[in-house]
């Protein structure tokens, strides 16, 4: 093979494609449904962030589930949702960073009757400037984006914390 026809770096004669197909075949229907839901909601979140003012996105994120479940989401449920969101976020052809993933997680949990909280935080970058980050918690458990949440000061939460009476 000539140098101008060399395969791309990392190409191993199709084994990566074969591995991907084998992984896809191993998924259950439930996992496929989670992936489909995550991809649709990531697209909706990306469109909302691209085209709506932040105040409107805040109202979307601040809504409550129609009926909430009196239990905390199980760790396994949260792991599956996070897996589906992160797997699709790596593969969709549009922007899907922490804000899109956070909105998606919040909407998926709300659809299941839970009451998640989306946090919007900011931190000073080295050398100046601000960096923003979004993370979601539900029932006191980390859902998505929480790995580095301690590095950010929460400047908003959706829904807002109830006022003390």
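Just checking, does segment 112-131 include any residue being in contact with a strand residue (DSSP E or B) (Cβ under 9 Å, 6 or more places away or on another chain), within 26 Å of residue 152 (Cβ to Cβ), in a helix (DSSP H, G or I) and at pLDDT 90 or above? No: segment 112-131 contains no residue that is in contact with a strand residue (DSSP E or B) (Cβ under 9 Å, 6 or more places away or on another chain), within 26 Å of residue 152 (Cβ to Cβ), in a helix (DSSP H, G or I) and at pLDDT 90 or above. Take the conditions (1) modelled with pLDDT of 90 or more; (2) out of contact with any helix residue (DSSP H, G or I) (no Cβ under 6 Å at 6 or more places or on another chain); (3) part of a helix (DSSP H, G or I); residue 108 misses just one of them, which is (2).
The residues of segment 140-155 that are more than 17 Å from the chain's Cα centre (by Cα) and surrounded by 17 or more Cβ atoms within 10 Å (Cβ to Cβ) amount to a single one, 152.
Test residue 100 against the criterion of being within 16 Å of the chain's Cα centre (by Cα), farther than 24 Å from residue 132 by Cβ and either at pLDDT below 90 or surrounded by 15 or more Cβ atoms within 10 Å (Cβ to Cβ) (or both), and give yes or no. Can you show your working first?
Numbers: within 16 Å of the chain's Cα centre (by Cα): yes; farther than 24 Å from residue 132 by Cβ: no; either at pLDDT below 90 or surrounded by 15 or more Cβ atoms within 10 Å (Cβ to Cβ) (or both): yes.
Judged against the criteria, residue 100 is not a match.
Residue 33 passes every criterion in (1) assigned to a helix (DSSP H, G or I); (2) exposed (fewer than 11 other Cβ atoms within 10 Å of the Cβ); (3) at pLDDT 85 or above apart from (2).
Look at segment 90-116: where a residue is more than 15 Å from residue 72 (Cβ to Cβ) and a partner is part of a loop (DSSP other than H, G, I, E, B), sitting 6+ places away or on another chain with Cβ atoms under 6 Å, you get 98/145; 102/145; 106/116.
The values are calculated or read from the model by the stated rules, or taken from the named source; none is laboratory data. The structure displayed is predicted, hence computed values, not measured ones. As a convention, Cβ positions derive from the backbone with ideal geometry for all residues, glycine included, and neighbour counts pool all protein chains shown.
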